[in-house]
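First the structure, in the form of structure tokens, and then the observations on it.
The values are calculated or read from the model by the stated rules, or taken from the named source; none is laboratory data. These figures come from a predicted structure and were not determined experimentally. Note: ideal-geometry Cβ built from the backbone for every residue, glycine included; neighbour counts use all protein chains shown.
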């Protein structure tokens, strides 16, 4: 299973699968659809769209955001922010989220060598996502902020 999950920068070849992307009702409450997030990435060069591949097929999506995104949640200029993270509903329950977050460390170290930490903001009501993030090594240091849909917990993961 572990070798069947990889991360890649967004390419046009992934577009058809990402256009036919389904989110569970709960995920849709917190994460945008990949095509919507891609539009924002086109407008903001500090956002880098990443595709989660399962056996070579797009199964998930997220954005890595540099300092412009980080500064709202942390004063660490060497941090990178995960946002718009989701797994296509038809691929859920296969451990893809946990494994994609586990291999994210080496992906960030390889492609963003100046980064020392990965951070993310998760809605206080999104307990399923909190569990997945913590299982993947993210910690809650008690930092809180308000987002458009309520209180956000800021999770951290240092890069070794």
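If you check 20, 76, which single one turns out to be over 26 Å from residue 159 (Cβ atoms) and surrounded by fewer than 20 Cβ atoms within 10 Å (Cβ to Cβ)?
Values: 76 fails: over 26 Å from residue 159 (Cβ atoms).
Answer to the check: 20.
Pairing residues of the stretch 65-77 that are touching a residue at least 24 places away in the same chain (Cβ under 8 Å) with residues that are outside any loop (DSSP other than H, G, I, E, B), at Cβ distances under 6 Å and at least 6 apart in sequence or on separate chains, gives 70/79; 70/81; 73/119; 73/121; 73/154; 74/119; 76/117. Taking the conditions exactly as written (at negative phi, in contact with a helix residue (DSSP H, G or I) (Cβ under 6 Å, 6 or more places away or on another chain) and surrounded by fewer than 17 Cβ atoms within 10 Å (Cβ to Cβ)), does residue 46 satisfy them or not? Criteria met by residue 46.
Applying the criterion of at least 1 residues that are within 23 Å of residue 125 (Cβ to Cβ) to the strands (runs of 3 or more DSSP E) found wholly in the stretch 5-95 leaves 57-65, 79-87.
For residue 152, are the conditions met, namely being touching a strand residue (DSSP E or B) at 6+ places or on another chain (Cβ under 6 Å), in a strand (DSSP E or B) and at pLDDT 95 or above? Criteria met by residue 152.
Of all the criteria given as (1) within 23 Å of residue 29 (Cα to Cα); (2) in contact with a helix residue (DSSP H, G or I) (Cβ under 8 Å, 6 or more places away or on another chain); (3) modelled with pLDDT of 95 or more; (4) surrounded by 15 or more Cβ atoms within 10 Å (Cβ to Cβ), the one not satisfied by residue 140 is (4).
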